[in-house]
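The values are calculated or read from the model by the stated rules, or taken from the named source; none is laboratory data. Here the structure is a predicted model, which is why all the values come from computation and not from measurement. Here the Cβ positions follow ideal geometry from the backbone for every residue, glycine too, while neighbour counts run over all protein chains shown. Protein only, heavy atoms only, side chains kept; ligands, DNA and RNA dropped before computing areas. Shrake-Rupley method; radii C 1.70, N 1.55, O 1.52, S 1.80 Å.
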Amino acid sequence: MLLSRRSLVAAGLAAPALIGLRGQARAATTLKLSHQFPGGTIDEGDFRDRMCRKFALAVKERSKGALEVQVYPGSSLMKTNAQFSAMRKGALDMSLYPLPYAGGEVPETNIGLMPALVTSYQQAMAWKTAPVGRKLTEILQAKGIVLVSWVWQAGGVASRERPLLRPEDARGLKVRGGSREMDLMMKAAGAATLSLPSNESYAAMQTGACDAVITSSTSLISFRLEELAKSLTSGRGRSYWFMLEPIMMSKSIFDGLPKDQQDLVMAVGAELEGFGQEGARADDERVEQVFTRAGAKVETLDEATLGKWRDIARDSAWKDYAAKSASCAEMLKLAEAVA
C-alpha cells in the first residue's frame, strides 16, 4: 500500500496504470530522512549529516535504484521536536534524532541521555547487543519506531563566562542540559535549566537566556558556540554527558517495504555505526582546537570530579527515572550492568 501510494506521486500515474508494473513501483520508492543538524556534503560538514548522506548513497547503489533516500538537514522538512511523533504516525519516514527528545512521549527513551550513566564510548556501544539495548529496541518497536543505526556522542559544556566544571560551579547558572534527567542533575547542583533543542542553543546564549550549553562535541562545533563562549569543559576522555542519537525509521513505513529492502536498510545502518563513532571521537578532539583558537579556556574532567557528578545524578535523575514505571526501573538496572 505504501509503495503504491509513493509510486503514484513519483511517477504521476493513475492507480490502474500500475497494475502489473511492480518493478517500476519499487523503483520509484523514496524515503525522506530528516534531521536538525547543519547540512553539508557527503565529504564535508557535520558528521551526522554526512552519515545520513552516506546511508542514502549506499541504499541507492545497493538496491540498484529500487530504494532511494532524500536527506533534509537543518529541520528543513519539519521542526525538530515534531520528528519522533511524525515517525510514529508514519508521516515521516526516517530521522537521525536525539533519543531523549522523545522522552515526553516514551519516558524510557530518556535512558539515552542519563547523566553519568554512560561515561565511555566502549560502554556506550556495548548497549546494542546487551540486554538494555534489546529492551530499548523492543520498547521502541512497540511505539512504532525501528532503530536502524546506533550513534553515541560525548558532550561538553560551553559557558558564556565562568567555567562549568565541578558541581559547585553550577550554582546560579542558567543551563541547557539536553534532557529532563540532565536538567534534574543540574537543578540538584543549584542551576536553573531550560529545555530547547541544540539547534536553538546559539540564540539562547546570544540573548543571555542561557549561561551554559551542554551538548555533543559535534553540536558545539556545528552551531558555532565558540563565538559566544569564554570556557569549554571538554568531553574528551571522560564525560557525564553521552547521548544516543540513532538513525530511526517509522515502523509502519519499514513494514511496508519488501523484505530485501528491509534487510538492506538494517545492513547499511549497522555498517555505518563505525563511521558514526569515528566522527564523534574526532569531534571530541576537534572541539578543543576550535574553542582554543577562539580564545576560550578549555578544561577536562578528572575521575574524582566525574564521581561527584555521578553521586548527584544517582540521587536525582536516576532515582526519578526509576520511579516513573517498572519498565524504566528495569531499563536503568540493565544499563547499570553494562560496564
What are the residues in segment 259-275 that are within 16 Å of the chain's Cα centre (by Cα) and either of a type in the set (F, W, Y) or open to solvent by 10 Å² or more (accessible area, probe 1.4 Å) (or both), if any? A270, L272, E273, G274, F275
Mind listing whichever residues of segment 237-257 are in contact with a helix residue (DSSP H, G or I) (Cβ under 7 Å, 6 or more places away or on another chain) and at pLDDT below 95? R238
If I filter segment 103-121 down to residues being in contact with a strand residue (DSSP E or B) (Cβ under 7 Å, 6 or more places away or on another chain) and in a helix (DSSP H, G or I), which single residue comes out as surrounded by the fewest Cβ atoms within 10 Å (Cβ to Cβ)? Y121
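What number of residues within segment 71-85 are more than 13 Å from L31 (Cβ to Cβ) and either modelled with pLDDT of 95 or more or over 13 Å from the mean Cα position of the chain (by Cα) (or both)?
Number satisfying all stated conditions: 10.
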Within segment 203-213, the residues that are more than 24 Å from G104 (Cα to Cα) and surrounded by 15 or more Cβ atoms within 10 Å (Cβ to Cβ) are M205, D211
Single condition G256 does not satisfy, out of (1) of a type outside the set (K, R); (2) surrounded by fewer than 21 Cβ atoms within 10 Å (Cβ to Cβ); (3) under 15 Å from the mean Cα position of the chain (by Cα): (3)
Since V132 meets every condition but one in (1) open to solvent by 10 Å² or more (accessible area, probe 1.4 Å); (2) assigned to a helix (DSSP H, G or I); (3) among the aliphatic types (A, V, I, L, M), which condition does it not meet? (1)
Segment 218-241, residues that are in a helix (DSSP H, G or I), of a type in the set (A, V, I, L, M) and either closer than 21 Å to L306 by Cβ or open to solvent by less than 10 Å² (accessible area, probe 1.4 Å) (or both): L220, L225
Could you tell me how many of the residues in segment 183-225 are of a type in the set (A, V, I, L, M, F, W, C), closer than 18 Å to G112 by Cβ and more than 15 Å from the chain's Cα centre (by Cα)? 3
Expected output for segment 114-140 (first residue without any contact (Cβ under 8 Å) to a residue 12 or more places away in the chain, partner surrounded by 19 or more Cβ atoms within 10 Å (Cβ to Cβ) and not aromatic (F, W, Y), Cβ below 7 Å, 6+ apart or cross-chain) is T137/L147
Which one is most open to solvent (accessible area, probe 1.4 Å) among residues in segment 72-102 that are within 14 Å of M248 (Cα to Cα) and in a loop (DSSP other than H, G, I, E, B)? A91
Mind checking whether some residue in segment 150-162 is outside any loop (DSSP other than H, G, I, E, B) and under 26 Å from V59 (Cα atoms)? yes
Would a scan of segment 175-191 turn up a residue that is closer than 24 Å to G295 by Cα, among the β-branched types (V, I, T) and not in a helix (DSSP H, G or I)? yes
